[in-house]
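In what follows, a single structure is set out as structure tokens and then discussed.
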Amino acid sequence: MVMKSRAVALAAALALVLSACGGGDEQAQGEMPPPEVGVVTVQPGNVPLEKDLVGRLAPYRSADVRARVPGVLQRRVYEEGSDVKAGQVLFKIDPDQLQASLGQVQASLAAAKAEYANAKANADRARRLAPERYVSQSDLDNALAAERSAGAAVQQAQASLDNARINLGYATVTSPIDGRANKQQVTEGALVGQGTPTLLTTVDQIDPLYVNFSLSVSELDQARRAMAGHESGDAAVEVMLPDGSEYEHPGKLDFSGTVVDPATGAVALRATVPNPDRRLLPGTYVTLKAVLGQQPGAFLVPQAALQRDDRGPYLMVIGSDGNVVRKDVVANRTQGANWVVGSGLEAGDQVVVSGVQRVQPGKPAKGTPWTPDGNGAAAAAPAAGAAAEAGDGGAAQDAAAGAPPAAEADPDAAEPADEG
């Protein structure tokens with residue numbers, strides 16, 4: 001009888017413990033707090049319109065050095081690959097034949113001057129004798145015509161002399177611009193300048209340099225809207241070196257084409273980049289970061305906040321009533337670690353960045369400031385959830401372990417059963 005009463009008391013105690021634990025679970029589930037998420041408060045502003053592009057460097061000026069007179073190339077004077085100045089001698093062409101031609105023209109000029117002196121003397125005599133009727137009108141006209149012809153012959157001989165001197169000067173080939181002279185294209189002893197001018201070398205001005213790139217029509221239209229009210233030269237271009245570092249001298253937009261290339265559907269653009277230390281070389285492909293004006297009224301939102309589905313990009317925003325609202329946005333480009341949102345947001349919106357998976361439109365959520373390292377609210381919410389799970393597990397564990405302590409409370413409780 002005693003054994004039966006103790007068993008009934010033990011069962012009642014166990015039922016009381018289980019019912020208490022079950023009621024605690026229901027109470028905990030009924031009072032589950034809203035999820036805690038990390039948010040950023042966004043404000044509109046002028047966002048630089050940045051484009052990551054690929055361009056190719058080209059010389060600021062490039063001059064072909066050619067042999068403009070026929071002759072034999074005697075020698076190269078400059079050092080290949082060195083910097084030269086405008087007017088510096090680069091090549092020597094054999095001048096003997098040109099010097100002989102100059103002598104012939106000088107002799108022709110002397111003969112023309114002698115003939116002119118004789119014709120002028122005859123004309124002067126005819127002018128003095130004509131009033132006294134010592135010469136006929138016909139003789140006077142002939143003398144004057146001979147004088148004019150002799151004068152024209154002198155001018156022609158003088159022009160030929162000037163041309164011969166110019167050709168003799170071309171035997172000394174000089175650089176037309178300041179720049180870097182490339183390797184020679186013709187070796188010494190070669191016959192040059194026969195028929196067409198012979199290319200001897202090229203000189204490239206590499207400070208500054210041009211960088212040529214292209215933009216699609218839509219990107220160019222966007223850039224023009226961003227540069228409204230600003231000069232095109234205000235657009236900055238930064239060159240990234242092959243090692244990933246940024247070149248210390250920024251460039252400026254220099255030219256924008258007005259014709260679309262039918263092969264690529266893009267428009268050609270060009271910028272100038274200073275190159276005082278000659279680190280950049282023409283012909284190199286480089287990565288560019290072009291700032292093509294300012295995009296007004298745009299929002300910067302961390303990339304982790306933007307979601308996409310069949311309807312397009314959207315953001316989760318905590319409204320003034322504490323409930324989550326979905327907002328469809330227009331986000332066509334990134335800038336650093338952020339998306340540039342052109343429309344869809346309002347000033348002061350609290351955009352959910354961390355914990356987006358735990359929120360639902362129309363349901364409440366608690367927002368705390370989000371930090372870029374993600375260790376603020378992003379870590380607090382999982383910690384809270386883990387604590388709740390640990391609490392539920394502890395209650396269940398206590399419930400499961402509730403019977404043994406009750407049995408151990410009275411060590412002599414099992415002995416009457418054995419005796420019975």
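The values are calculated or read from the model by the stated rules, or taken from the named source; none is laboratory data. This one's a predicted model, so the numbers in the text were calculated from it and none came from an experiment. We place every Cβ from the backbone using ideal geometry, glycine too, and count neighbours over all the protein chains shown. Accessible surface is based on the protein model in full, side chains and every heavy atom, while ligands, DNA and RNA are left aside. Shrake-Rupley method; radii C 1.70, N 1.55, O 1.52, S 1.80 Å.
Okay, here's what the table says:
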read-out: Listed residues TYR134, TYR170 arranged by accessible area, highest first, probe 1.4 Å; value: TYR134, TYR170
read-out: Between segment 62-127 and segment 272-315, the alpha-carbon center distance in angstrom; value: 58
read-out: Sequence of ILE166, ILE206 from largest to smallest accessible area, 1.4 Å probe; value: ILE166, ILE206
read-out: Accessible area (Å², 1.4 Å probe, nearest 10) - ARG308; value: 140
read-out: Those trypsin sites (Lys or Arg not before Pro) in segment 193-284 that DSSP places in a loop and that have at most 15 other beta carbons within 10 Å; value: ARG278, ARG279
read-out: Added length on full extension, which subtracts the Cα-Cα distance from 0.36 nm per residue, THR284 to GLN360; value: 22.2 nm
read-out: Distance in nm between pseudo-label sites at THR196 and ALA86 (7 Å out along the Cβ direction from Cα); value: 2.8
read-out: Accessible surface of ARG333 - all protein chains present, 1.4 Å probe, nearest 10 Å²; value: 20
read-out: Using a Förster distance of 51 Å, the FRET efficiency for ASP321-SER216 (Cβ separation, nearest 0.05); value: 0.75
read-out: Contact order normalised by residue count of segment 235-360, Cα under 8 Å, 6+ apart, percent; value: 20
read-out: Net lengthening on full extension, ALA263/GLU188 (0.36 nm per residue, minus Cα-Cα); value: 22.6 nm
read-out: FRET E, pair ILE166, GLN43, Förster distance 56 Å, beta-carbon r, rounded to 0.05; value: 0.20
read-out: Two-site FRET efficiency, ALA145 against ALA111, from Cβ-Cβ distance with R₀ of 22 Å, rounded to 0.05; value: 0.70
